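The structure appears below as structure tokens.
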Amino acid sequence: MSQNRVAERHGSQRMRAAVLFALVGLLFLLEALTGSWNTMLGIFNMALVSAIMALGVNMQWGYAGLFNVGIVGFVALGGLAPVLISIPPNHEALAAGGWRIPVALLVGVLAIIAAILVYGRTRGRLRGIAVTAILIGGFVLYRAIFDPAVEIVETTNPSFAGNIGGLGINRIFGLHVGVLLAWPVGMLLAAGAAWVIGKIALGLRSDYLAIATLGIGEIIIAVLKNEDWLARGVKNMTNIPRPVPYEVDLQQSTYWQGWAAAFGTDPVTFSTIFVKLCWMALFLVILLGIIWLSERAINSPWGRMMRAIRDNETAAEAMGKDVTRRHLQIFVIGSAVCGLAGAMMVTMNGVLVPSEYTPLRYTFLVWVMVIVGGSGNNWGSVLGAFLIYYLYIKVGDWGPSLMHSLTAGMQPGPIKDHLVDSAAHMRMMTLGVILLLVLRFSPRGLLPER
Amino acid sequence: MDVLNGLVLLMNFVVVPALSYGSQLALGALGVTLIYGILRFSNFAHGDTMAFGTGITILGTWGLQAWGVTLGILPTALLALPLGILVTMGIVLVTDRVVYRFYRRQRARPVILVIASVGVMFIMNALTRFIIGTDDRAFADGPRFLVNAPAFKAATGLDEGLSIKATAALTVVVAVIAVGLLFWFLNSTRTGKSMRAYSDNEDLALLSGINPERVVTITWIIATTLAVTAGVLYGLDKSFRPFNYYALLLPTFAAAIVGGLGNPLGAIAGGFLIAFSEVSFTYAFKKVVGYLTPGTWEPPGLVQLLSTDYKFAVSFTILIIVLLFRPTGIFRGKSA
């Protein structure tokens, strides 16, 4: 009988999921009909990327109860990968001395590794002296190689380049899909950063991970903004190649114009929609792949172990599970998924804009998605991502227009200006209120964990 | 003479700025550490509480200035500070009733409280911007300098001038008074002792008849007072922009953790440690080295360890080092 009840509960939950997804689908349909299919697809594609971020966060929070406040950093680090992989190398800058930058970075890393090795192998006062000497010596050597090289690179053609470029992998077997290689590389970059932070901050109080990730997030963004030799800093990196056709190329082919005429639309609209559909297909494949893998994982013995650790660390530890090690594992995997989403987003946008990476948009918004959707439930995270991203975009539009109509009768003046300006902060307020309400009254979210 | 010049240069660009910044951080970190000691979570809304209180204080200052009320040689903001503290206190206590108390009763995991504080952070953040916008606001008045560079040069005959901003001196004085009052309160009053008892051992404190809700309320009141004071001093000393207060969150947390979460004395030490490291790691020592070495030699580079863009990387690195080697902080705080 109890089995029946379980089946029934599963059934009703499926029903609930279907209804909620249909409702969110309706929102997007409404957007397409009242706005345009083009803007709707734009929102939809970004929602897909957000859903992947939400899945990454859900692994950390939903499976393991880890609070990561530096998601924005991992997303941005993933976004660096398309630049490193597919932007052609800047031969002029490299030949002038730019090649010394990677050497300097290698020296820095080697110094840190040497310090760690020496630390493990020495004792007492010798240890302190040796480690300090290695670190100071390494730092001086690193700066001695690094500073002049950066100077050279940043003064080489600064208005167009001023950076060292990437590997320039673009064409594979004659197809322009080289940039896809950046996606796994983005995962690796984010995973590397997560491993270092996790190694340090996991196994201590849960707040420490939150604060350490807050710090690493800020630092990654600061590096992207200030290190012009890497990806031009706030001058932005444009012209990142993409694996789908360009709208302009499509519009110019007569074949395409024929197709557009057959559908009864003009070639321009038809091409933008077609390109967006290409991205959508690509992203959907990745999203479904990740969901499939995580569903497999969470229903495996490993998944049960993770949930056991989350629900009662002490008991799991008593059963012989290495809690810190598991936490590190899931923290790295979750961050890698966020890095993947970051790489996908930059590839789609074709630009890397470091100043756009704000914690509000890429850390806290994703958190709200996961918590509203239902922590611990993959489909819940996806649902939350679609719903919250839609609201985020729309509330950003509604706030100012609402305020405009409310203040329509007012005399123009500083007070009216202030009110209209302040409507832009409505997003923040709404997000905060939604987060608090869901956390309090429906902590399991829209689609609770089974 | 050269040595004196070098020392004055150091005083001017490292010691004085670090002292005032350190005092601001210490006040902020004290609030974080008290909340941690009593409520047992890291309050992410602390930075935005500072910003909100400062925003209200600025409005009060403008009002007073419009009426022609000033405080003579002191900034008018000091007169408006109690208003800022009271309004913020009201909001914070309402937040505690509406948000945090529920989780406290439930004995929820600390991380849930941290997430709730992120929600509160958003709301405070938006409120601040509703009230005062996102721009830079200058609200310091009164004399700008306690010691100004030309006068110092004329009086001492040195090449380097020492300037001490009035706000920097004021910061240190106010911080010393606030910390003095806090420690007197914690060590000598009945309520303060009950707070320490509650922080040390909650169950034992409850058994001996301490009212937990009262302790929590008083903690919020003290933490808010410290936070708004720190925020106003920071705004007077630098300038007020709401975003800067979010950026203060990392150094403030680092200061509290370095000193040992829950340990007030540690928070003060941590604040100064972070401030001095941040300022001295990002200062270009070129001229100082030039003065301190014999002859007219000056080093070719700037002798700057880190560019100022990375100043919070310093607090982060210190935080990491502490987490690696002494997770309970320098002055043994709550368990790791």
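Just so you know, all these numbers are worked out from the coordinates, no wet-lab data involved. Since this is a predicted model, take the numbers as computed values, not measurements. FYI the Cβ positions are ideal-geometry reconstructions off the backbone, even for glycines, and counts take in every protein chain you see.
Counting, for every residue in A:212-224, the Cβ atoms of other protein chains within 10 Å of its Cβ and taking the mean gives 4.
Counting only other residues whose beta carbon sits under 15 Å from that of A:Asn45, what net charge do I get with K and R as +1, D and E as -1? Don't skip to the end; give the middle numbers.
On the way: positive: A:Arg242, A:Lys276; negative: A:Glu31, A:Glu247.
Summing Lys/Arg as +1 and Asp/Glu as -1 gives 0.
Would you grab the residues whose amide H sits under 5 Å from the one on B:Lys165? Only those 5+ places off in sequence or on another chain, please, with H modelled 1.01 Å from N. HN-HN under 5 Å from B:Lys165: B:Leu146.
Segment A:1-147 has equivalent-ellipsoid semi-axes of 51, 29, 10 Å, by the square roots of 5 times the alpha carbon gyration tensor eigenvalues, sorted largest first. Highest mobility in the GNM of chain B, judged by mean-square fluctuation with C-alpha springs under 10 Å and restricted to B:Phe44, B:Phe285, B:Phe130, is found for B:Phe130. Any chance you could give the angle, 0 to 90 degrees and rounded to 10, that helix B:212-237 forms with the longest Cα principal axis of chain B? On a 0 to 90 degree scale, this one is about 20. Between B:Ile56, B:Ile222, B:Ile131, the Gaussian network model of chain B with springs among Cα atoms under 10 angstrom shows the greatest mean-square fluctuation at B:Ile131.
Counting only Cβ charges, +1 for Lys and Arg and -1 for Asp and Glu, the dipole size of the protein assembly as shown around its Cα centre is about 2360 debye. Separation of the alpha carbons by more than 27 angstrom is noted, of B:Lys238/B:Lys287; A:Lys394/A:Lys416; A:Lys235/A:Lys394; A:Lys199/A:Lys235; A:Lys199/B:Lys311; B:Lys153/B:Lys311, for A:Lys235/A:Lys394; A:Lys199/A:Lys235; B:Lys153/B:Lys311.
Taking A:Gly120, A:Gly56, A:Gly215 as the candidate residues, the one with maximal mean-square fluctuation in a Gaussian network model of chain A, Cα springs under 10 Å, is A:Gly120. Between the alpha-carbon centres of segment B:173-225 and segment A:416-441 there is a gap of 34 Å. Distance from the C-alpha centroid of segment A:305-325 to that of segment B:280-305: 54 Å, rounded to the whole angstrom.
Taking the Cα centre of chain B as origin and charging only Cβ (+1 Lys, Arg; -1 Asp, Glu), how large is the dipole, in debye to the nearest 20? Intermediate results must be reported in sequence, preceding the final value.
On the way: 24 positive and 16 negative charges, 201 e Å.
In debye, rounded to 20, chain B gives about 960.
Here, P(r) means the percent of Cα pairs in each 10 Å bin from 0 to the largest distance; for segment B:225-335 it is 14, 35, 30, 17, 5, 0.
Quick check on segment B:11-107: take the gyration tensor over C-alpha atoms, sort the square-rooted eigenvalues as a ≥ b ≥ c, and tell me if it's rounded (a/c under 1.5), prolate or oblate.
Working: a/c = 3.69, a/b = 1.39, b/c = 2.66.
Oblate, because a/c is 1.5 or more while a/b does not exceed b/c.
The fraction of all Cα pairs in the protein assembly as shown landing in successive 20 Å bins from 0 to the largest distance is 14, 45, 34, 7, 0, given as whole percents.
Taking each residue of B:127-137 in turn, how many C-beta atoms of other protein chains fall within 10 Å of its C-beta, and what is the average? Intermediate results must be reported in sequence, preceding the final value.
Details: counts 4, 2, 6, 9, 3, 2, 5, 4, 1, 0, 0.
Average neighbour count from other chains, rounded to a whole number: 3.
Counting every other Cβ atom within 10 Å of each residue's Cβ, B:Val172, A:Val438, A:Val337 order from fewest to most as B:Val172, A:Val438, A:Val337. Remark: B:Tyr21, A:Tyr255, A:Tyr119 ranked as A:Tyr255, A:Tyr119, B:Tyr21, counting other beta-carbon atoms within 10 Å and listing the fewest first. Given +1 at the Cβ of Lys and Arg, -1 at the Cβ of Asp and Glu and no other charges, the dipole of segment B:232-328 around its Cα centre is 40 debye to the nearest 20. Peptide A:431-439 has a mean of 6 when you count, residue by residue, the C-beta atoms of other protein chains within 10 Å of its C-beta.
Radius of gyration (Cα atoms) of chain A, expressed as a multiple of 2.2 N^0.38 Å: 1.10.
Each of B:Gly90, B:Gly192, B:Gly266 was placed along the dipole of the protein assembly as shown (beta-carbon charges, centred on the mean Cα), and the one lying farthest toward the positive end is B:Gly192.
The tail of the calculated P(r) for segment B:119-251 beyond 23 Å holds 55 percent of all Cα-Cα pairs.
Segment A:136-196 and segment A:333-357 have Cα centres lying 16 Å from one another.
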